[in-house]
Amino acid sequence: MAKSSRKSSPAAAEAASAPVKTDVLIAGAGYVGMTTAVAIKTGAPQLDVTIIDAALAGQWKKDPRASAIAAAATRMLEQLGCWQAIKPDAQPINDMVITDSRVSDPVRPVFLTFAGEVNPGEPFAHMVENKVLNASLHAKATELGINVIEGCGVDGFTTESNAVTVTLADGRILETRLLVGADGVRSRMRDQAGIKTVHWSYGQSGIVCNVSHERPHEGRAIEHFLPAGPFAILPLKGNRSSLVWAERTEDANRLVAQDDFVFEAELEQRFGHHLGEIRVEGNKRAFPLGLTLAREFVKPRFALVGDAAHGIHPIAGQGLNLGFRDAATLAQVIVDTERLGLDIGSFAALEKYQTWRRFDTVQMGVSTDVLTRLFSNDNLALRTVRDIGLGLVDRLPVMKNYFIKQAAGFGKENPRLLQGEAI
């Protein structure tokens, strides 16, 4: 029996190569990108939301780091139905202690302490391992029907009056009403959109790792201000802590290249003996520290969120929470615009997001920059001034309460999700 052959019609070929359409396309499946997607889909289930990420599927499961989640972000994650899965592994920060000294000083005087609750039973922050946070967000994205494409980044995009055509690295083409760049501080999406940045380096790198220790931490976070940069001990579940250790870049690179024995000896000088013997868990890594602020957060049918819009020093532990505020704000703008029957990708809609977020972002960038320059040195005059300032704050309950609420992420114009309300 002879085989028959049939040529595809021009119409069939055109249909096969037609772009896949989606309402919102987010480039970057990190915490902020995933949260943005989940928030939009939760508020407007009728919108088709797609996430693209260049990292291989499941790569996030290998992330050994941990993050401080402020109380406002906790309220948002709870409202989105993610916190329930995170809470059993989240460690409340019950209080925080701040010291200022040299590494060689035999005693580290405490200049400032914070109680850990903004409301009864509500800590101002929790420590959460990144893989736990990501697992919850991925599970919720799947539950909501969000399309996640991993292992394939964006090759380029072109913007027309009513849509953005996005070409993936594997040749696939998608068409979207709104494209969101959530691909980190070295954002290719930001560059492709032609958005310039203000950037400078602090000459520091942040060493990040987790440690186990003999004694319980009781939920206490400690930040030592040392001449080379801040050294933060952040409590995790069990007798474990996460470290954020800022050092001069050349010293940081040297330290992470050492074996565990040498590294732990250097670590012990800064960590101290209050929690007994310490051991490094897993890999240790160093990340360059600097300030990066995008000059614009939006273009027609394009918006930046998270580190793609702003990268700040971890001295105040607010980098991720700043990104969560972006996610909550952009989601509210998109959902409100969609409910009015207007174009979610219009510049008029996106300008609302930019106006809402710009001041807060610049304010936080300037604040962390000033703190970094004030505390990352061994100048005697500056040390005297800052220690007097810390001592004054410690004696003024009104100022302490103000700083606690700021650390908890409670602002005057917070979007609804950060207030624990549905969009």
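The values are calculated or read from the model by the stated rules, or taken from the named source; none is laboratory data. Small disclaimer: the values here were computed from a predicted structure and weren't measured. With ideal geometry, Cβ positions are generated from the backbone for all residues, glycine too; neighbour counts draw on all protein chains shown.
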**Asked** Do any residues in region 353-382 that are without any contact (Cβ under 8 Å) to a residue 40 or more places away in the chain have Cβ atoms under 7 Å from those of residues that are in a helix (DSSP H, G or I) and of a type in the set (D, E, K, R), where the two are at least six apart or on different chains, and which pairs are they?
**Response** L374/R386
**Prompt:** Within region 240-254, which residues are out of contact with any Leu (no Cβ under 8 Å at 6 or more places or on another chain) and of a type in the set (D, E, K, R)?
**Reply:** R240, R248, E250, D251, R254
**Asked** What about V132, is it of a type outside the set (D, E) and either in contact with an Asp or Glu (Cβ under 7 Å, 6 or more places away or on another chain) or assigned to a loop (DSSP other than H, G, I, E, B) (or both)?
**Response** yes
**Request:** Could you run through region 165-184 and say how many residues are surrounded by 21 or more Cβ atoms within 10 Å (Cβ to Cβ) and of a type in the set (A, V, I, L, M)?
**Result:** 6
**Request:** Output the residues belonging to region 114-132 that are in contact with a strand residue (DSSP E or B) (Cβ under 7 Å, 6 or more places away or on another chain) and closer than 25 Å to V208 by Cβ.
**Result:** F114, G116, P123, F124, A125, H126, M127, V128, E129, N130
**Fill in**
Of the residues in region 243-276, those that are in contact with an Asp or Glu (Cβ under 8 Å, 6 or more places away or on another chain) and either surrounded by 13 or more Cβ atoms within 10 Å (Cβ to Cβ) or at pLDDT below 95 (or both) number 3
**Message:** So K405 ticks every box in (1) surrounded by 14 or more Cβ atoms within 10 Å (Cβ to Cβ); (2) farther than 30 Å from D336 by Cβ; (3) charged (D, E, K, R) but one. Which box is left unticked?
**Reply:** (2)
**Fill in**
For region 174-225 the number of residues that are under 28 Å from L255 (Cβ atoms), of a type outside the set (S, T, N, Q) and within 20 Å of the chain's Cα centre (by Cα) is 12
**Complete:** Going through (1) small (G, A, S); (2) modelled with pLDDT of 95 or more; (3) outside any helix (DSSP H, G or I) one by one, S104 fails only at (2)
**Qualifying position, being modelled with pLDDT of 95 or more, in contact with a Phe, Trp or Tyr (Cβ under 6 Å, 6 or more places away or on another chain) and either of a type in the set (A, V, I, L, M, F, W, C) or surrounded by fewer than 15 Cβ atoms within 10 Å (Cβ to Cβ) (or both), among I207, I222** = I207
**Prompt:** Mind checking whether some residue in region 359-375 is surrounded by 12 or more Cβ atoms within 10 Å (Cβ to Cβ), part of a helix (DSSP H, G or I), among the small types (G, A, S) and touching a Pro at 6+ places or on another chain (Cβ under 9 Å)?
**Reply:** no
**Asked** Could you say which residue among G194, G184, G171 is in contact with an Asp or Glu (Cβ under 7 Å, 6 or more places away or on another chain), at positive phi and in a loop (DSSP other than H, G, I, E, B)?
**Response** G184
**Prompt:** Out of curiosity, is N283 among the polar types (S, T, N, Q) and either crowded, with 19+ Cβ neighbours inside 10 Å or at pLDDT 95 or above (or both)?
**Reply:** no
**Message:** For region 184-208, give me each residue that is of a type outside the set (S, T, N, Q) and touching a His at 6+ places or on another chain (Cβ under 9 Å).
**Reply:** V185, Y202, G206
**Request:** Name the single residue, out of those in region 381-423 being within 21 Å of A70 (Cβ to Cβ) and among the small types (G, A, S), that is modelled with the lowest pLDDT.
**Result:** G411
**Prompt:** Which residue out of I207, I222, I146 is in contact (Cβ under 8 Å) with a residue 60 or more places away in the chain and farther than 25 Å from A286 by Cβ?
**Reply:** I146
